[in-house]
Amino acid sequence: MDHHPKPIESFDVELSSALANHTLHAHVEKFRFSLPIPNPHNPHIITTKFTINGLQVVVPDAVGLNGAVHVIEHLLDPRGHSHHAQTAWEDWEEWLP
């Protein structure tokens, strides 16, 4: 089995956020993995990898009351990576509409 296959499909999407003029960058890739099972039909599975602002979604599509929940390991900051961690949240109330 190929451990580093090339994606069979990939695309990028800009998602809106609650902050005016700030978006989140989503990247989606689909991979096809052949299963090591002798079969003339070439059994395989399709997996999908999601990243948001470069952070991998570790639990996609968990069921929530109002729709799907996607779990990542870090806090998303749609303002980008240029802010220093110590001062990044000082003016958080000003971000809200």
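The figures follow:
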quantity: Computed lengthening from W95 to A68, 0.36 nm per intervening residue step minus Cα-Cα distance; calculated: 7.2 nm
quantity: Region 7-22 - phi-based ³J(HN,Hα) in whole Hz, Karplus 6.51/-1.76/1.60, Gly and Pro as x; calculated: x, 8, 7, 8, 7, 10, 9, 9, 9, 6, 10, 6, 8, 4, 6, 10
quantity: Difference of contour (0.36 nm per residue) and Cα-Cα distance, L35 to S16; calculated: 3.1 nm
quantity: Cleavage-rule hits, trypsin sites (Lys or Arg not before Pro), region 20-81, DSSP coil, Cβ neighbours within 10 Å at most 16; calculated: R79
quantity: Full-extension gain in nm, V59 to N42, via 0.36 nm per residue minus C-alpha separation; calculated: 3.3 nm
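FYI, it's all coordinate maths here, none of it is from the lab. Just so it is clear, the structure is predicted and the values come from calculations on it, not from any experiment. So basically every Cβ, Gly included, is an ideal-geometry build from the backbone, and we count neighbours across all protein chains shown.
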